[in-house]
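What follows is calculated from the coordinates using simple rules that are stated; it is not laboratory data. Quantities reported herein were computed from a predicted structural model and do not represent experimental measurements. Note: ideal-geometry Cβ built from the backbone for every residue, glycine included; neighbour counts use all protein chains shown.
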Amino acid sequence: MIIEKAQELGLCFGVKRALKLLQDATERYGEIESLGSVAHNRQLVEKLSRMGVTPVGHIDQVQGKILAISAHGTSPEILEQARVGHIRIIDTTCPLVRKAQNTARELAETGFDVIIFGEAEHIEVKGLLGWAKGRGRATLDAKQLTGLKGKSRRLGVISQTTQPQASLVEFINQLVADLSSSVREIRIINTLCKITQKRQRNAAKCARQSELMVVIGGHDSANTRRLAEACSQIVETRQVENSSELDSSWFAGKHHVGITAGASTPDETIEEVLAWLRSPNCDFSVRGK
Ligand code: SF4
């Protein structure tokens with residue numbers, strides 16, 4: 001019986017970079033706070049808490065003078081509030097998210113209404129809306145934009161970095177069909193994270209070769225959920241946060257199991273799941289890097 005790891009899985013470069021910046025900051029300043037969870041993964045948040053990083057829900061709740069911004073980024077309003085409150089910012093915004101923020105700002109400054117393909121409540125999207133300077137709208141459903149008919153002349157379309165490419169294409173097709181007759185210009189700028197796209201492709205490839213996929217990552221992690229959704233369209237898929245959620249009955253009669261993990265899943269958690277699979281619970285041999 002074989003378990004095969006997807007070609008690339010687990011921590012992405014943006015999250016690794018953020019962790020390094022946070023480690024440096026805690027070594028330099030001791031205890032610091034972060035705006036929201038630095039990553040949507042309980043194990044990683046606990047690890048950061050041991051390092052001295054405490055999440056706060058809102059900038060008004062900051063007790064100290066050092067505040068970390070997560071890899072998802074934040075809005076210019078929050079940065080301004082920090083400046084006024086003399087709070088030092090440790091900005092771990094992923095460079096790919098920063099690029100999307102700059103795109104939103106440039107579009108708004110050049111007279112475009114900015115459409116963000118994404119979940120309006122996601123922390124990255126909230127930040128992007130801030131950079132769109134009041135000209136942004138976030139949605140996953142192009143039909144919700146028909147109210148812009150006759151109201152907007154120029155539309156700029158960007159995306160939350162971790163959305164699936166196929167869903168973005170579908171969204172754009174619908175938007176063009178609904179609005180192209182009333183809008184003078186529609187400018188589409190690809191702000192998708194290529195690393196996420198590659199991982200989604202690798203996970204799908206792994207799923208096609210497997211009888212069961214195990215996707216490891218936080219239940220509130222959007223990119224883990226999307227990996228699980230993509231795999232579940234191909235083969236039976238289970239999403240677990242860690243090895244304690246595994247159930248040996250899932251593996252009965254299976255000879256080939258695939259494994260992947262979200263961009264904020266620590267290596268230790270992946271190893272823990274692999275150790276469980278190698279144990280007498282299942283006794284799989286593991287292939288892949
Ligand atoms: S998933 Fe992509 S955009 Fe998000 S932090 Fe990782 S590298 Fe950056």
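So which trypsin sites (Lys or Arg not before Pro) in the stretch 178-234 end up in coil per DSSP with only 14 or fewer other C-beta atoms within 10 Å?
Working: sites: Arg184, Arg187, Lys194, Lys198, Arg199, Arg201, Lys205, Arg208, Arg225, Arg226; in loops: Arg184.
Taking the stretch 178-234 and a limit of 14 other Cβ atoms within 10 Å, the loop trypsin sites (Lys or Arg not before Pro) found are Arg184.
Spelling out what I want: for every residue of the stretch 69-81, take phi, set θ = phi - 60°, compute 6.51 cos²θ - 1.76 cosθ + 1.60 (Karplus), and round to whole Hz; glycine and proline get x.
Each residue of the stretch 69-81 in turn: 9, 6, 4, 6, x, 8, 8, x, 5, 5, 5, 5, 4 Hz.
Do any of Lys126/Lys149; Lys5/Lys126; Lys16/Lys133 go past 27 Å between their Cα atoms, and which?
Numbers: Lys126/Lys149 24 Å; Lys5/Lys126 34 Å; Lys16/Lys133 30 Å.
Table pairs above 27 Å Cα-Cα are Lys5/Lys126; Lys16/Lys133.
Looking at the chain as a GNM with Cα springs under 10 Å, which of Val125, Val169, Val215 has the largest mean-square fluctuation?
Comparing Val125, Val169, Val215 in the GNM, the peak value goes to Val169.
Just Ser264, Ser70, Ser221 to compare: in a GNM of the chain, with alpha carbon springs under 10 Å, which one fluctuates most?
Ser221
List the residues, sorted by chain then number, that are 5 or more residues from Gly136 or on another chain and whose placed amide H is less than 5 Å from its amide H.
Those qualifying (amide H under 5 Å, at least 5 residues apart or on another chain) are Val114.
Taking 7 Å along the Cα-to-C-beta vector as the label spot, tell me the Arg83-Gln63 distance in nanometres, rounded to one decimal.
Once both label points are built, they end up 2.8 nm from each other.
Are there any GluC sites (Glu not before Pro) in the stretch 52-159 that are in a DSSP loop and have at most 12 other Cβ atoms within 10 Å? List them by number. Walk me through the intermediate numbers first.
Details: sites: Glu77, Glu80, Glu106, Glu109, Glu119, Glu121, Glu124; in loops: Glu119, Glu121.
Loop-located and lightly packed - Glu121.
Within a 10 angstrom radius of the beta carbon, how do Thr92, Thr26, Thr260 rank from fewest other beta carbons to most?
Details: Thr92 23, Thr26 19, Thr260 31.
The order, fewest Cβ neighbours first, is Thr26, Thr92, Thr260.
Quick one: net charge of Ser244's neighbours, Cβ under 12 Å, K/R +1, D/E -1?
Within the 12 Å Cβ shell, the charges total -3.
Can you list residues from other chains, or at least 5 along the same chain, whose modelled amide H is less than 5 Å from the amide H of Val157?
Counting only residues 5 or more places away or on other chains, the set is Ile115, Arg187, Ile188, Ile189.
Which of the trypsin sites (Lys or Arg not before Pro) found in the stretch 74-174 are loop residues per DSSP with 10 or fewer other Cβ atoms within 10 Å of their Cβ? Show your work: numbers first, answer last.
Details: sites: Arg83, Arg88, Arg98, Lys99, Arg105, Lys126, Lys133, Arg135, Arg137, Lys143, Lys149, Lys151, Arg153, Arg154; in loops: Lys133, Arg135, Lys149, Lys151, Arg153.
Within the stretch 74-174, the qualifying trypsin sites (Lys or Arg not before Pro) (loop, at most 10 other Cβ atoms within 10 Å) are Lys151.
Just to be sure I understand: with springs between alpha-carbon atoms less than 10 Å apart, which residue in Ala261, Ala142, Ala228 has the highest mean-square fluctuation in the Gaussian network model of the chain?
Ala142
Please get the size of the charge dipole for the chain, origin at its Cα centre, with Cβ charges of +1 on Lys and Arg and -1 on Asp and Glu, quoted in debye to the nearest 20.
On the way: 38 positive and 33 negative charges, 228 e Å.
It works out to roughly 1100 debye.
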